[in-house]
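Before any comments, here is the structure.
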Amino acid sequence: MNTTISKEDIYAILEQVSDPEVPVLSIIDLGVIRDVVLHEDTLEVVITPTYTGCPAMDMIEVNIKAILQENGFDNIKVTTILSPAWTTDWLSEAGKQKLLDYGIAPPQGSSKSKRALFSEETGIACPQCRSTHTEMISQFGSTACKSQYKCLDCKEPFDYFKCH
Amino acid sequence: MQDHLYNFLLYLGDNALILGHRLSEWCGHGPVLEQDMALTNIALDLVGQSRNIFQLAAKMQGEGATEDTLAYLRDATAYKNILLVEQKNGDFAKTILRQFFYDAFNYPCYQRLMQSSNKDIAAFAEKSMKEITYHLKWSSEWVIRLGDGTEESLRRINEALEDLWPYTGEMFKYADFEIAMTESGVFPDAAGIEAEWEQEVKNIFAQAGLELPEKAWMHDGGKHGRHSEHLGYILAEMQFLQRAYPGQKW
Ligand SMILES: [Zn+2]
């Protein structure tokens with residue numbers, strides 16, 4: 001393996017891989033890359049899933065291998081770890097801005113217990129008009145990572161990337 | 001001991017897979033779009049959890065076993081899931097109550113598995129816990145809405161209760177592999193789960209205006225591969241492609 005390659009170079013390459021379900025986010029923004037290890041003859045990328053059933057994870061693994069191969073790496077190993085469990089606290093600030101620009105409200109506050117009944121995350125800002133006068137329509141949304149809200153001012157429904 | 005661990009993994013994976021499959025049957029049939037999506041989102045989480053567990057079991061088994069061979073090539077008698085999760089969906093009330101009974105059981109189980117002496121299981125449980133917490137919140141809220149809703153919704157959830165109650169006892173009738181896992185610290189303090197489940201059910205039922213039935217005769221057998229006829233129909237559908245066209249891939 002080329003010894004002049006650094007971890008930072010690998011991260012820069014991986015920045016080009018996007019989340020298949022929310023394509024404005026790179027997998028770096030998403031916080032699923034946990035480590036990059038340069039072994040003597042193998043390049044290991046350590047990833048963690050967002051949700052256990054997230055169908056995008058298989059595709060992310062394929063895309064990581066593809067982009068690294070395009071960049072001249074032949075021996076690539078992608079390892080999945082489950083602990084520590086992924087949290088939306090790991091979304092990058094750049095990622096949150098990209099979500100907002102894309103029309104998805106980014107997670108607000110930090111990951112916390114969701115046991116309280118009939119509680120919902122309130123004051124979520126509408127990605128269209130920024131009003132916080134919004135309400136939840138459903139805890140579950142179009143993908144595992146989102147719930148559905150609607151804006152009570154501009155009346156637009158929107159996705160909220162929920163705290164997890 | 002290795003056999004017990006293997007069977008325990010299958011038990012955990014089978015519960016998640018079969019309930020996940022049942023919920024996936026709701027796809028396109030939910031009472032409203034948002035709840036159709038909720039049911040299928042939970043299905044996705046459960047199938048994902050079963051994949052993780054089957055990967056561990058397949059590694060233990062070796063001999064070319066994979067998560068797919070465990071899901072698609074085992075017969076009903078090799079499945080270890082509790083009978084509750086294979087029960088028919090029925091109406092929305094029955095699906096909700098089945099989910100609530102399972103979630104309220106799963107929550108204390110996975111709290112304990114997070115402390116497991118087996119590091120792979122502890123990591124898996126930590127990962128799944130956030131999802132299970134979310135499911136329990138959703139199913140609890142719906143039990144309250146249906147119980148404390150209209151005359152019709154109350155009638156339906158009471159009917160569901162009558163159908164499902166005799167399947168709740170099996171959860172706490174520990175099989176030899178669960179007892180072995182408790183003794184070895186893989187599944188610590190399993191004895192306390194029943195009381196926590198009962199407390200949770202009492203609490204939600206009180207808010208829903210539902211009455212907890214008397215202790216009654218309970219079905220069992222699922223953990224030992226003795227299933228109701230429903231499981232055969234589930235597997236016939238789920239396994240059809242791999243049985244008819246072995247090795248087919250997407
Ligand atoms: Zn708005």
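Summary table
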{"quantity": "Per-region count, region B:166-186, residues among the β-branched types (Val, Ile, Thr) and surrounded by fewer than 21 Cβ atoms within 10 Å (Cβ to Cβ)", "calculated": "2"}
{"quantity": "Residue list for region A:131-153, filter: within 12 Å of the ligand (Cβ to nearest atom) and either more than 14 Å from A:Pro107 (Cα to Cα) or in contact with a helix residue (DSSP H, G or I) (Cβ under 8 Å, 6 or more places away or on another chain) (or both)", "calculated": "A:Ser131, A:His133, A:Thr134, A:Glu135, A:Lys150, A:Cys151, A:Leu152, A:Asp153"}
{"quantity": "A:Glu156 being more than 16 Å from the ligand (Cβ to nearest atom) and of a type in the set (Asp, Glu)", "calculated": "no"}
{"quantity": "Output for region A:60-114, where each listed residue is small (Gly, Ala, Ser) and within 14 Å of another protein chain (Cβ to nearest Cβ)", "calculated": "A:Ser83, A:Ala85, A:Ser110, A:Ser111, A:Ser113"}
{"quantity": "Of residues in region B:120-133 being touching a residue at least 24 places away in the same chain (Cβ under 8 Å) and under 22 Å from B:Ala38 (Cβ atoms), the one farthest from the other protein chains (Cβ to nearest Cβ)", "calculated": "B:Ile132"}
{"quantity": "Tally of residues being crowded, with 22+ Cβ neighbours inside 10 Å and over 11 Å from the mean Cα position of the chain (by Cα) across region B:8-26", "calculated": "3"}
{"quantity": "Which listed residue, of B:Ala65, B:Ala58, is more than 28 Å from B:Leu161 (Cα to Cα), modelled with pLDDT of 95 or more, over 12 Å from the mean Cα position of the chain (by Cα) and not in a helix (DSSP H, G or I)", "calculated": "B:Ala65"}
{"quantity": "So A:Phe73, is it more than 15 Å from the ligand (Cβ to nearest atom) and of a type in the set (A, V, I, L, M, F, W, C)", "calculated": "yes"}
{"quantity": "Inter-residue pairs, beta-carbon under 9 Å, first over 19 Å from A:Trp86 (Cβ atoms) and in region A:11-29, second assigned to a loop (DSSP other than H, G, I, E, B), 6+ apart", "calculated": "A:Ile13/A:Asn71; A:Ile13/A:Phe73"}
{"quantity": "Options B:Ala43, B:Ala93, B:Ala16, B:Ala38; residue that is more than 30 Å from B:Lys119 (Cα to Cα), within 12 Å of chain A (Cβ to nearest Cβ) and not charged (D, E, K, R)", "calculated": "B:Ala38"}
{"quantity": "Selected residue (only one of B:Gly185, B:Gly247, B:Gly225 is modelled with pLDDT under 95 and on the phi > 0 side of the Ramachandran plot)", "calculated": "B:Gly247"}
{"quantity": "Entirely in region B:74-165, the helices (runs of 4 or more DSSP H) that have 1 or more residues that are over 15 Å from the mean Cα position of the chain (by Cα) and surrounded by 18 or more Cβ atoms within 10 Å (Cβ to Cβ)", "calculated": "B:92-113, B:119-147, B:151-164"}
{"quantity": "Residues located in region B:27-50, provided they are surrounded by fewer than 20 Cβ atoms within 10 Å (Cβ to Cβ) and under 22 Å from B:Leu235 (Cβ atoms)", "calculated": "B:Cys27, B:Gly28, B:His29, B:Thr40"}
{"quantity": "Subset of region A:115-164 [in contact (Cβ under 8 Å) with a residue 24 or more places away in the chain, in a loop (DSSP other than H, G, I, E, B), touching a Lys or Arg at 6+ places or on another chain (Cβ under 8 Å) and within 14 Å of chain B (Cβ to nearest Cβ)]", "calculated": "A:Glu121, A:Cys145, A:Lys162, A:Cys163, A:His164"}
{"quantity": "Filter pass, A:Ile124 being within 16 Å of the ligand (Cβ to nearest atom) and within 30 Å of B:Tyr107 (Cα to Cα)", "calculated": "yes"}
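The values are calculated or read from the model by the stated rules, or taken from the named source; none is laboratory data. Being a predicted model, the structure only gives us computed values, none of them experimental. Don't worry about glycine lacking a Cβ; one is built from the backbone with ideal geometry, like all the others, and counts go over all protein chains shown.
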